[in-house]
Structure formats: C-alpha cells, structure tokens
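**Student:** Quick one: the structure is below, questions incoming.
The values are calculated or read from the model by the stated rules, or taken from the named source; none is laboratory data. Note that the structure is a prediction, hence the values are computed from the model and not measured. No Cβ is skipped: glycine too gets one built from the backbone with ideal geometry, and neighbour counts run over all protein chains shown.
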Amino acid sequence: MQLSSRLARFNEPETLKMAKLGRELRAQGIDVIDLSVGEPDFDTPEHIKEALHKAIDENFSHYTPVAGYPDLKQAICTKLKRDNNLDYKPENIIVSNGAKHSIANLIMALIDKDDEVIIPTPYWVTYSEIVKLCQGKVVLVRTSFENRYKITPAELEAAITPKTKLFMFSSPNNPTGSVYSKEELTALAEVFKKHPNVAIMSDEIYEYTNYVGNHESIAQFPELKDRVAIIHGLSKGYAMTGYRLGYLAGNADLVKGCEKLQGQFTSGINAVTQRGGIIALTADLKPTVEMGKEFEKRKQRVLELLKELPGVKCVIPDGAFYVFPVVKTYFGKTDGEETINNADELCMYLLNKAHVTTVTGSAFGEPDCIRLSFANSLPSIEKAYARIKEALAKLH
Ligand code: PMP
C-alpha cells in the first residue's frame, strides 16, 4: 500500500516506543522496571471516580458539544481564576482528548507551511513533530545546563524573525523539571511585547507538581494574554491519563479555529470523562496535593541515588516527576559486548542489561541526557537505580 508522504514528516513518540519495548520484554517473562513513564502511578481519586460512575448511571452516553459541555468550560474558568487569578470566559475554552490533542489543534489552527516555531530545548517530544506534520519550520534554541535549561531573554530575542509565528514551552518542564519564576517570565514577556505577532503556547500540565511554590503563568501579563494559549489537562494532577481530558484557554478566534478542526476530526470528547472533569476541577485539591508530596519524597531519594552514579550530573527538578541527568561521560565506553555511542544506545543498553526503561534525551532535543521518571513506587525506584548502577559500572 502506498502511504502518504505526510507520515514521513514526523517521528513516533520515543516515550511511547520505549514503553512498548519494555512491555515486549516483560511479555517474555523478564522483570522490567519502567522509568520511561510519563504518568502518575496513583489511582484516580475516589470523589472523581464517584462522579464518573454517576455519569454512566445518569446516561451521559450521547454526543457532546464539540468544545465541551458549558458547565465543564465554566469549571475550567473557575479553576483558572481560583488557582491562577486569570479571567477567562467559556468562549475562551475548548476541551480535547488530552493536552496532546489540544496542542495538535493549536498547531494546526496556527501554523502554515514555512512558519517558524521557536521551541527551547529540552522540550516535550510532541511539540516539534506536530509542527513538522503541519510543514512549519522548527527552530530549536538550545538552552544550557548552567541556566537550568531555561531560555534567556537574549536567546529568545535572537531566535525571533519576521516569520516567527509561535513560541512553545512548558513550565514545569518535561523533561527537565525546570520551573520559570515570575521574574524570569517577566523578562521574557518584555521581549514578546516587542514582537506582537508571536503567539505563545504555555503548557502548564504539570502545574500541581511543583516543588518550589507558586505556579506562574505567562498569561498573567495583560499585554500578552490574548496571544497566550494555556494548555492544561487532568492527566498529571488528577492521575487521569486514561480518561483523556485536556483543554486550551486562549483567544476566542483561536478557540473557534480549534473547534472547527475538532468538529471534523473527533467531535466532542467522551461524555463521562467530561462529567468527572467538572468534579475534578472544582472539588478540593487534597488528593492532588498528597500526590505532589509523595513525588517530592521520591525526588529527594532519586537525587541521592543519582549521586551514586559516577560522572552523572543533574539539574535539580523544581517540578514534574522526572530527572534529566547528563550522561555523556558514558559515551564511547563499552562493557566488552556493546559500545555506547550516544544517549539512544545508553537507553537500549539499560533496557537490555539492567531491564530498566528510560528515554533518550535526543527525543527531547538534548542528546547529552536521558530522562528517568520517578512516577513509580520507591521500592521499584530503589531496585531500578541499583541495576542501573551495576550496568554502568561495567562500562569502561
Ligand atoms: N504536555 C506535556 C509537557 C506532557 O508531558 C504531556 C504528557 N506526557 C502532555 C502535554 C500530554 O498529556 P495528555 O495528552 O495526557 O493530557
């Protein structure tokens, strides 16, 4: 069968590829520990599950409005006011099948062939691939370990051209865990103010996994708000990855564009998920806060365990549930059977020899690193790092 050229324009997500390889080994009876995952290992909180059950009992089984139920959109506005002091109306909100779908809608609604999209590295794998799918030009700006992998105003200014249409970033960041402070966002906002045609995608899906305090959104600057699209969803903060609820908050015309796309591609998202989403967004955040505390505990332990790996250095994550250590000290080394030339090969080595899945930094635009999730139980994390340490010690 002759498939379209579109498919050759982009790669499949390395994160999902690794999880698949891990599952395949596990199917052969091998005890594989998964540190490649991008999802909380907790169950969905009880009060949300009750709302989901109730929605089934109340026969929420019909097609839904394309952009989401009005009361769900209102609940999102309430959340944005409650947590972020941001004023949005339901016309500024569209609900999609996960934040990934919200991001895809946004890029499809904004990007024409050859439009430039600035993405600071390291970045979440999907951003660049959807831009390529839409024939936009990905402009990667490599940030530094020294600046905790955050783009500086000067780097941003230097990357903007008359063709720049969109800037895409996440805070807290996946994979580095870096969090932009209000001061840092203020400095970037000063640059954006000089370039009124540049839209900004602010992916805030890790808002609730933040170890430094207040979450700050770049939408808080009135001069920028109308061209900022906040991307958010229930996957991470509420342990609801499988329910698939993401949303975009932004300019009403952009929202209409996304709605037009979604009307043809998917229609409105699952009715039951939307009803559960209303409760998740408006109820007490206690279970979310508890999950955050557990992640913090694991983070502390993981940082200790990382210190036991010779030659590895790591930016301490301020948010999200990953560490993203620099591992290039192992490039060029061999255990006598396999030679490790890069991060991709190191991840395969750790999978085959330590039976631990990780994700190569090259998937995130930073080839010196690998990503290790700590969305796994502490005993599994301990076991995984012991195996990694043993496997790395064999490389000379
Ligand atoms: N943005 C970031 C930064 C992510 O890490 C993820 C999930 N790994 C998503 C968006 C997408 O989340 P979902 O589609 O599950 O809502």
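One line per residue, one yes/no per condition, for (1) buried (at least 17 other Cβ atoms within 10 Å of the Cβ); (2) touching a residue at least 12 places away in the same chain (Cβ under 8 Å):
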site	(1), (2)
R23	no, no
K49	no, yes
E91	no, yes
S96	yes, yes
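**Student:** For the range 128-140, check the following and say yes or no: at least one residue is within 25 Å of L188 (Cβ to Cβ), among the aliphatic types (A, V, I, L, M), without any contact (Cβ under 8 Å) to a residue 24 or more places away in the chain and outside any helix (DSSP H, G or I). Steps first, answer last, please.
**Tutor:** Start the filter on the range 128-140 by keeping residues that are within 25 Å of L188 (Cβ to Cβ), which leaves 128-132, 134, 136-140.
From the residues that got through so far, the ones that are among the aliphatic types (A, V, I, L, M) too are 130-131, 138-140.
Still in the list and also without any contact (Cβ under 8 Å) to a residue 24 or more places away in the chain: 138.
Restricting the remaining residues to those that are outside any helix (DSSP H, G or I) gives 138.
For the range 128-140, residues within 25 Å of L188 (Cβ to Cβ), among the aliphatic types (A, V, I, L, M), without any contact (Cβ under 8 Å) to a residue 24 or more places away in the chain and outside any helix (DSSP H, G or I): present.
**Student:** Out of all the residues in the range 222-250, which are surrounded by fewer than 17 Cβ atoms within 10 Å (Cβ to Cβ) and either among the aliphatic types (A, V, I, L, M) or away from the ligand (no atom under 16 Å from the Cβ) (or both)? Spell out the reasoning first.
**Tutor:** Taking the range 222-250 as the starting set, the residues that turn out to be surrounded by fewer than 17 Cβ atoms within 10 Å (Cβ to Cβ) are 222-223, 226, 242.
Listed by number, the residues that qualify are P222, E223, D226.
**Student:** Also, quick follow-up: Does any residue of the range 50-62 turn out to be of a type in the set (K, R), within 23 Å of N251 (Cβ to Cβ) and at pLDDT 95 or above? First the steps, then the outcome.
**Tutor:** Residues of the range 50-62 of a type in the set (K, R): 54.
Still in the list and also within 23 Å of N251 (Cβ to Cβ): none.
Checking the range 50-62: not a single residue is of a type in the set (K, R), within 23 Å of N251 (Cβ to Cβ) and at pLDDT 95 or above.
**Student:** Could you run through the range 209-257 and say how many residues are in a loop (DSSP other than H, G, I, E, B), touching a helix residue (DSSP H, G or I) at 6+ places or on another chain (Cβ under 8 Å) and touching a residue at least 40 places away in the same chain (Cβ under 8 Å)?
**Tutor:** 15
**Student:** If only one of L7, L21 is closer than 25 Å to F321 by Cβ and assigned to a helix (DSSP H, G or I), which one is it?
**Tutor:** Numbers: L7 fails: closer than 25 Å to F321 by Cβ.
One residue alone meets the criteria, L21.
**Student:** Name the single residue that is farthest from K297 (Cα to Cα) among those in the range 194-215 being among the charged types (D, E, K, R) and either under 19 Å from the mean Cα position of the chain (by Cα) or within 11 Å of the ligand (Cβ to nearest atom) (or both). Full working, then the answer.
**Tutor:** Kept after step one, since they are among the charged types (D, E, K, R), are these residues of the range 194-215: 194, 203-204, 207.
Okay, now just the ones that are also either under 19 Å from the mean Cα position of the chain (by Cα) or within 11 Å of the ligand (Cβ to nearest atom) (or both), so 203-204, 207.
Details: D203: 25, E204: 22, E207: 18 Å.
The qualifying residue farthest from K297 (Cα to Cα) is D203.
**Student:** Looking at (1) outside the structural domain of A320 (by TED's automatic domain parsing); (2) in contact with a Ser or Thr (Cβ under 9 Å, 6 or more places away or on another chain); (3) more than 16 Å from the ligand (Cβ to nearest atom), can you tell me which one S61 breaks?
**Tutor:** Going through the list (1) outside the structural domain of A320 (by TED's automatic domain parsing); (2) in contact with a Ser or Thr (Cβ under 9 Å, 6 or more places away or on another chain); (3) more than 16 Å from the ligand (Cβ to nearest atom), S61 breaks only (2).
**Student:** Can you pull out every residue in the range 27-47 that is among the aliphatic types (A, V, I, L, M) and either outside the structural domain of I370 (by TED's automatic domain parsing) or free of Cβ contacts under 8 Å to residues at least 24 places away in the same chain (or both)? Walk me through it before giving the result.
**Tutor:** Here is the first cut: in the range 27-47, the ones among the aliphatic types (A, V, I, L, M) are 27, 30, 32-33, 35, 37.
Selection gives A27 alone.
**Student:** Here are K150, K165: which of them is of a type in the set (K, R), modelled with pLDDT of 95 or more and in a loop (DSSP other than H, G, I, E, B)?
**Tutor:** On the way: K165 fails: in a loop (DSSP other than H, G, I, E, B).
Result: K150 is the single residue among K150, K165 that is of a type in the set (K, R), modelled with pLDDT of 95 or more and in a loop (DSSP other than H, G, I, E, B).
**Student:** Only residues that are more than 8 Å from the ligand (Cβ to nearest atom) and closer than 13 Å to I151 by Cβ: list them for the range 162-178, please.
**Tutor:** F167, M168, F169, S171, T176, S178
To keep it simple, each residue is scored yes or no on (1) touching a Phe, Trp or Tyr at 6+ places or on another chain (Cβ under 9 Å); (2) at pLDDT 95 or above.
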site	(1), (2)
L261	no, yes
G268	yes, yes
D284	no, no
T288	yes, yes
Q300	no, yes
K307	no, yes
P317	yes, yes
V326	yes, yes
Y349	yes, yes
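**Student:** Which of the residues spanning the range 295-327 are surrounded by fewer than 17 Cβ atoms within 10 Å (Cβ to Cβ) and out of contact with any strand residue (DSSP E or B) (no Cβ under 8 Å at 6 or more places or on another chain)?
**Tutor:** As a first pass, look at the range 295-327 and keep what is surrounded by fewer than 17 Cβ atoms within 10 Å (Cβ to Cβ): 296-297, 300-301, 303-304, 307-308, 310-311, 313, 316.
Within the range 295-327, E296, K297, Q300, R301, E304, K307, E308, P310, G311, I316 meet the criteria.
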